[in-house]
Amino acid sequence: MTRNIKRRGWGGATAAIALTASGLLAPTVAFAGDDPSIAPTAGADFDATAQQLLSGDDDIQAVAKDGRGNVVVYTAGDENELSGEARSFVDSKSNVVVKSIGTPIKALAATDVVGGAGYYSPDPSGAEGGFLCSVGFAGWSSQGAPAVISAGHCTVDGTANKSLLTKPANDTAAGGTTPQELAPLGTVAYSQYGGPGNSVGADGDKSSVDISVIDVTNSELDLKPEITDWTTASSNDLAASTIAVKAIGQAQVDVPASKSGRTTGLTSGTVESIEGWAEVSGRWVYGFGVVGDYNMVLGGDSGGAVFQGNTAVGVVSGGNDPDPATGTPGGNFMWVADLQAGLARTDGYTVALKIDAPALTTPADGGSVGVGGVISGTAQVGTTLKVKPSSGDSFEVTVDGSGNWSFPAPDKLGTYSFSLTSVSGYNTSTTVDASVEVKAEAPVITTPANGSTVENELTAISGTGLAGATVTLTGDVKGSAKVAEDGSWSVETDLGIGQYSVTATQARDGQTSAAATVEFTVAPSAPVITGIQNGESYSGAAVPTAISGTGLTGADITVTINDAKVGETVVKDGKWSVVLKDALAAGDYAVVATQTVDGVSSSASVSFSVTAAPAPAPSPSGTPAPGGNPGGGNGGGLANTGMGDVAPLAWGALALMLGGFGALGYRKVRRSVR
């Protein structure tokens, strides 16, 4: 977050000073001009007009002229907020253009503090001169007050406790030779160089650090979570071109690292070693080594920001300065004090971070969502999302490791306006304003389900909806019901067999939802096939000669065997039967009985098989004599019937008669079987 601690009155004064330097202001007390409807655009009259406008309204930041004969009035507020003489002037002059610039004008170069900027600490002994170092990072105290983080050795063990910013154009990185004071910075709040208490420290001791924190006492300064690249130093505005600081982390070995400082500006190298210690001018410092080109780091860069990408990893502690006596080049090795180890010694000071503004993704700004639906988006990893509704209490939402967040839409229908801000400690993003339309979604019809079939009758239609809403049914069922607190609703009905379509909507808070429609069938129950067991095998006299069963009185029954229709009938007294016209031969059969009422049908089926009857046993060989009398004549074993002897012709005729009777009876039986 950028913490703006500049006072508004200072901005107005700066605007007036800038315009005075441009020769646009002159003392006067009245608007001037020959034509009262046209504002003057040149000379003393224009100067007097500008001065009176600037002194009469705090919101007016500048008055100038364009190339089309217009007077341009720049205001920090809205044109409608102008009042008094300024309002009268704008309304009465035809050639006045008002433009809002949103915020007061300020001299950025004089008040923005960024990482890498130079600062000066006077010699605590009172002698002339002092110590030049570089700002590492803008930061916060444990109470959220603005601070600057740098190297501990820059404070001479805390004795050089006053700091002043230097003018960038005069710093060595910008080609300057004589440092010049720009503005007061602050006083040292904590400093450690080496071990605790500024002792020598020890190799292997992570509490051997090089860190200082400066409490900013100049309320005109605006600390930014950014690092200058020094390309705009000649204008004394280091904040015009920067790299954002978005995280604090450990240095990654074999990865490029950059440094920004007042002597060599923005330079880069590669982290060659990590998690080690170096003896820097007699003190042990825990950190990592960076190698690069010659003059990558020189005296005065101490305390400067060291970073990888957008992650702050350390401050410059020491390096290999060139030796002017021998002409040996240097500055190609830099020892960097580990930032996290140093901050751990400061009792709560931390680096200020630039937090990306959160984004609303679903639904889009101005889009719609159902009650309880998901409102979601993205935000910077490691932050917390603060949601402030236009009415009601603010709440916080967790941002996951992938940068996603979500929360449910409110229960109230209508426009839901809110603001989103990402927060991490004392760091905050810019605020994003958004709104969505919370709408009632179509109610859900759960019974009957769409496309379903209900048996015989339907007594109610039910479902779920928005608690407190009124559900209205149209179509083949008309009625309404209020949704209970548990989200359920039900409308009684009395639907017999048939096909139906029902539509439901719900209304609450003056809004009506979209519609939900279900189509369903109330069908008769399936008929029952009796006398045939599913999967059974039949033969002989047990082979079915009819298909029978039970059903709904008055229903039409159609029977098929192996998909071929074999008969139709009507259920009488709950029973039905279809006689088969032909006997069933050996094979497999699938019987389907379909019951139809008012054009709506349901079916039942069984499967069975028919096997051939076993052949009769053969007769014994030889044919006995008629009557069974092997001796012949009347003296055999044949009983006397009273008929006397029968002539051969009579026996033949009798045989024919018996044969004819037997044949007639067989035919009759066969017809009966069919």
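Rule-based calculations on the coordinates, nothing more; no lab input. Keep in mind that what you see is a predicted model, and the values were worked out from it rather than measured. Because the Cβ atoms are built from the backbone with ideal geometry, glycine has one as well, and the counts that use them run over all protein chains shown.
Brief remarks on what is shown
- Cα gyration tensor shape of the range 109-351, rounded if a/c is under 1.5, else prolate or oblate by comparing a/b with b/c: rounded
- Hits among aspartates and glutamates - C-alpha to C-alpha of Lys99 under 14 Å, sequence gap 8 or more where chains match: Asp59, Asp66, Asp78, Glu79, Glu81
- On the beta carbon distance between Glu79 and Asp365, with R0 = 22 Å, the FRET formula returns roughly 0.25.
- Long-range amide H partners of Gly176 with built H, under 5 Å: Asp171
- Global form of the range 359-437, assessed from the alpha-carbon gyration tensor, a/c cut-off 1.5: prolate
- Candidate lysines for bridging to Lys581, where Cα separation is under 20 Å - those fewer than 8 sequence places away on the same chain excluded: Lys565, Lys668
- Vicinal HN-Hα couplings computed from phi for the range 231-246 (Karplus, 6.51 cos²θ - 1.76 cosθ + 1.60; Hz; Gly/Pro x): 6, 10, 5, 4, 8, 6, 10, 5, 7, 6, 9, 9, 10, 6, 9, 10
- Shape of the range 528-611, Cα gyration tensor, a/c cut at 1.5: prolate
- Residues in the range 451-459 carry Karplus couplings, in order, of x, 7, 10, 10, 8, 6, 7, 10, 9 Hz; the curve used is 6.51 cos²θ - 1.76 cosθ + 1.60 with θ = phi - 60°, and Gly or Pro positions show x.
- Hz values of 3J(HN,Hα) by residue in the range 138-148 - Karplus curve (6.51, -1.76, 1.60), Gly and Pro given as x: 5, x, 10, 7, 5, 9, x, 7, x, 8, 10
- Ranking of Met296, Met334 by count of other Cβ atoms within 10 Å, fewest first: Met296, Met334
- Residues with amide H under 5 Å from that of Gly373, placed H, sequence gap 5 or more: Ala409
- Long-range amide H partners of Ala442 with built H, under 5 Å: Ala514
- Packing-based ranking, highest mean first, of 300-306, 148-154, 129-135, 370-376 given that Cβ atoms within 10 Å are counted: 300-306, 148-154, 129-135, 370-376
- Across Lys224/Lys259; Lys162/Lys246; Lys388/Lys439; Lys206/Lys246; Lys162/Lys224; Lys224/Lys246, pairs whose alpha-carbon gap is larger than 23 Å: Lys162/Lys246; Lys206/Lys246
- Rounded to 5, the percent of DSSP beta bridges in the range 359-437 classed as antiparallel: 95
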